[in-house]
Amino acid sequence: MFINKIELFNFRNYGELSLDFDTDKILLTGKNAQGKTNLLEAICFLTSLNTIKAKQDSELIKWGETFAKVKGMFCKNDAETTLEAVLNPPKKKLLKVNEIKKNKASEYLSQIYSISFSATDLLLLRGNPEDRRSWLDSAVSGIYPAHADRISKYNKIKTQKNNYLKSLNGNINSNKSMLDIWNEQLAITGSNIILLRLNYLKEIQKYARSKHSNISLNENLSVLYESSIVGNVPVDDVSEYTSEKIAEKFFQKLEEKRPEEIIRAQSVVGPHRDDISFYINGIEAKKFASQGQQRTIVLALKLAQTELIRNKTGYNAILLLDDVLAELDDIRQTFLLNGIEEKHQTIITSVDTLHFDKRYLENVKIYKIIQKETGADIISV
């Protein structure tokens, strides 16, 4: 699975662009703020509906324009698959697969797989719980597209419940029958979300440990899921958890927190409150790991995602690596580049080629991106 061509219209700093990719190894070079990351972000958004830097889709539209379009041609099973995404806020984004409109994200996301790494991914360690939940749910949806629809359903139920809680005006003695309905729906939907997260983390930890050990010279990586429903769970073995057991605990917790939720007029427990912690040799990485160690953890997780995608789907994900060698010492750089398997199409951005081993640069297609008054220009080197 790889991308053959991408077309951009009013995307970030690109007015119009049509670029062919005729190899599995591509390096995008150029000074900062030229458009290297924007090009990666276009591919990332097209394949996963996630962004690298933007907090909302409207930020992807070129300044002064009202809409943007991204279109890509991909090779899958020796056949061409075309994806297209049109952004025209406040309207809902238009998604097409092979020129056919798709109304559900799950129908669109099951087509092409990509894994991206950028500086913003360091929020997995340095950011807040929302950043880690966002990564986890996106990663799960990459393999199980229905998870995205389940998250959407859960959020809608939670919003409806919160609106009802606000209408109670803090009266803890109000009729609880309506609240029971919302809580039951939340417990059922939320328990499935938690269970899938646990099972995914168990699998990703297995692959990430191996990748991390190779890059870090034998440091041991472990993952802890911090749940507001089932407590802190080391993900080595999650076989004791079922959706029914989690749902039962979920409903019990909601009963326990009912007065607090009415007073605060918001849902205080559930998968929307959960977090993830990463440990190196038993020490919490968020608090004690160096920048290089934190970056190594994120890279190991990303490389592990590619392994998991291949084992679950049979396809090789496209790797999108933005300034991937920054903050890594020479040893970790070498292990990382050697750890990228040839079977993956890999697109990397860098200011120059100085950090890359000469052997890696063999058979690499290099493009230089230069920002001009009319927009970004791409030159084949």
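All of the numbers you see were taken from the coordinates with simple rules; none came from a lab. All of these numbers come straight from a predicted model, not from anything done at the bench. Positions of Cβ are generated from backbone atoms using ideal geometry, with glycine treated the same way; all protein chains shown enter the neighbour counts.
Using every pair of distinct Cα positions in the chain, the Kirkwood expression returns a hydrodynamic radius of 22.2 angstrom. For the chain, the longest principal axis of the alpha carbon atoms and the long axis of helix 243-256 meet at an angle near 60°. Bridgeable aspartates and glutamates around Lys55 (alpha carbons under 15 Å apart, same-chain partners fewer than 8 residues away excluded): Glu41, Asp121, Glu130, Asp131.
The calculated 222 nm mean residue ellipticity attributable to helices in the chain amounts to -13500 deg cm²/dmol, summing -39500 (n - 2.57) over DSSP H runs of n ≥ 4 and dividing by all residues.
Starting with the highest mean, order 240-251, 264-275 by the number of other Cβ atoms within 10 Å, averaged over the residues of each peptide.
Values: 240-251: 16.8, 264-275: 18.5.
My ranking of the peptides, most packed first, is 264-275, 240-251.
Taking each residue as 0.36 nm, the span from Ala79 to Ser210 lengthens on full extension beyond its C-alpha to C-alpha distance by 43.8 nm.
The stretch between Phe67 and Ser134 holds 21.6 nm of extra length on full extension. This uses 0.36 nm per residue minus the Cα-Cα distance.
A simple spin-label model places the labels of Asn218 and Ala33 4.6 nm from each other, with each point 7 Å out along Cα-to-Cβ.
Spacing of the modelled spin labels on Val86 and Thr353, each 7 Å from Cα toward Cβ, amounts to 4.0 nm.
What does the C-alpha gyration tensor say about the overall shape of segment 1-152? Classify as rounded when a/c is under 1.5, otherwise prolate if a/b is larger than b/c, or oblate. Rounded, because the longest to shortest axis ratio a/c is under 1.5.
Helix 146-167 and the longest principal axis of the C-alpha atoms of the chain enclose an angle of approximately 40°. Scoring 176-187, 75-86 by mean Cβ neighbours within 10 Å over their residues and listing the highest first yields 176-187, 75-86.
State the extension gain, in nm to one decimal, for the chain segment bounded by Glu59 and Asp20, taking 0.36 nm per residue of separation less the distance between their alpha-carbons. Walk me through the intermediate numbers first.
On the way: separation 39, 0.36 × 39 = 14.04 nm, distance 2.51 nm.
Stretched out fully, the Glu59 to Asp20 stretch lengthens by 11.5 nm.
Computed from label points 7 Å out along Cα-Cβ, the spacing between Asn199 and Thr120 is 3.0 nm. Think of the chain as having a plus end and a minus end, set by charges on the Cβ of Lys, Arg, Asp and Glu; of Val140, Ile246, Pro90, Pro90 sits farthest toward the positive end of this dipole.
Sort segment 115-260 into rounded, prolate or oblate with this rule: let a ≥ b ≥ c be the square roots of the eigenvalues of the Cα gyration tensor; rounded if a/c is under 1.5, and if a/c is not under 1.5, prolate when a/b is larger than b/c, oblate otherwise. Judged from the Cα gyration tensor, segment 115-260 comes out prolate (a/c at least 1.5, a/b above b/c). Past the 26 Å Cα-Cα mark, which pairs from Lys153/Lys257; Lys156/Lys211; Lys202/Lys287? From Lys153/Lys257; Lys156/Lys211; Lys202/Lys287, over 26 Å: Lys156/Lys211.
The alpha-carbon of Lys25 sits under 20 angstrom from the alpha-carbons of these lysines, leaving out residues fewer than 8 places away in its chain: Lys5, Lys36, Lys76, Lys302, Lys343, Lys358, Lys365, Lys368.
Give the relative contact order (percent, whole number) for segment 88-192; include only Cα pairs under 8 Å separated by 6+ residues.
Details: 54 pairs, mean separation 22.3, N = 105.
Once divided by the residue count of segment 88-192, the mean separation gives 21 percent.
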